[in-house]
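One structure below.
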Number of protein chains: 2
Amino acid sequence: MISANEYFNGTVKSLGYTTANGKSTVGVMEEGDYEFGTSSHETMTVIEGELIAQLPNNAEWKLYKAGESFEIEANARFKVKSVGQTSYLCTYK
Amino acid sequence: MISANEYFNGTVKSLGYTTANGKSTVGVMEEGDYEFGTSSHETMTVIEGELIAQLPNNAEWKLYKAGESFEIEANARFKVKSVGQTSYLCTYK
């Protein structure tokens with residue numbers, strides 16, 4: 001099953017699936033500011049576009065371009081600004 | 001707008017968006033055999049999983065792993081076998 005999900009009134013949409021590496025989602029964000037919470041460890045990789053992220057317990061905002069990734073621990077909150085529409089891969093462990 | 005699309009009875013789902021590079025989709029395929037048609041030039045890149053593709057006017061089947069891509073001309077048909085669930089990026093020009 002491919003699960004289709006929408007968040008923030010459809011401004012973030014994602015597709016969930018499973019590979020030999022475990023559970024993943026690919027998704028797209030509209031331009032805007034978002035705050036996400038994790039239930040497990042996540043690695044988020046920008047596919048196209050750009051994300052500016054503020055990771056948990058971190059005052060600094062950092063720019064992530066296509067191919068770049070960041071990790072977030074389980075049960076944490078992080079903030080993301082999407083510069084235009086951005087596609088991303090999220091892998092869970 | 002992020003467009004959500006389904007093909008082949010929901011066994012292929014994709015999200016369409018636009019960046020500075022032009023129009024793109026990210027999507028996921030269930031394990032299975034598919035034949036797609038193009039209306040414009042496409043570059044398909046495997047995000048996770050594996051695709052075995054037979055490109056237009058080509059008898060050979062070739063395996064594409066994560067990070068590998070192939071190009072298809074406009075107005076062509078090509079066949080793909082998805083090995084398990086596979087996520088992909090499609091960029092158009």
Could we say that B:M1 is surrounded by fewer than 13 Cβ atoms within 10 Å (Cβ to Cβ) and closer than 28 Å to A:G32 by Cα here?
yes
Just checking, how many residues over the stretch B:1-44 are of a type in the set (S, T, N, Q) and farther than 17 Å from B:E71 by Cβ?
7
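Conditions tested, residue by residue: (1) out of contact with any helix residue (DSSP H, G or I) (no Cβ under 6 Å at 6 or more places or on another chain); (2) in contact (Cβ under 8 Å) with a residue 40 or more places away in the chain; (3) surrounded by 13 or more Cβ atoms within 10 Å (Cβ to Cβ); (4) assigned to a strand (DSSP E or B).
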| position | (1), (2), (3), (4) |
| --- | --- |
| B:E6 | yes, no, yes, yes |
| B:G10 | yes, no, no, no |
| B:G16 | yes, no, yes, yes |
| B:G49 | yes, no, yes, yes |
| B:Y88 | yes, yes, yes, yes |
Quick check on the stretch A:51-63. Is at least one of its residues surrounded by 12 or more Cβ atoms within 10 Å (Cβ to Cβ) and in contact with a Gly (Cβ under 8 Å, 6 or more places away or on another chain)?
no
Within the stretch A:59-93, residues being of a type in the set (S, T, N, Q) and under 14 Å from A:V12 (Cβ atoms) number 4
Quick check on my filter: what residues within the stretch B:65-89 are under 15 Å from B:G32 (Cα atoms) and within 14 Å of chain A (Cβ to nearest Cβ)?
B:S82, B:V83, B:G84, B:Q85, B:T86, B:S87, B:Y88
Unique match (being among the hydroxyl-bearing types (S, T, Y) and under 21 Å from B:Q85 (Cβ atoms)) among A:S24, A:S82:
A:S24
Can you tell me which residue in the stretch A:18-47 is farthest from the other protein chains (Cβ to nearest Cβ), limited to those that are in a loop (DSSP other than H, G, I, E, B) and surrounded by 14 or more Cβ atoms within 10 Å (Cβ to Cβ)?
A:T38
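Coordinate-derived values only; no laboratory data. Not measured: the values here are computed from a predicted model. Glycine gets a Cβ as well: all are built from the backbone with ideal geometry, and neighbour counts include every protein chain shown.
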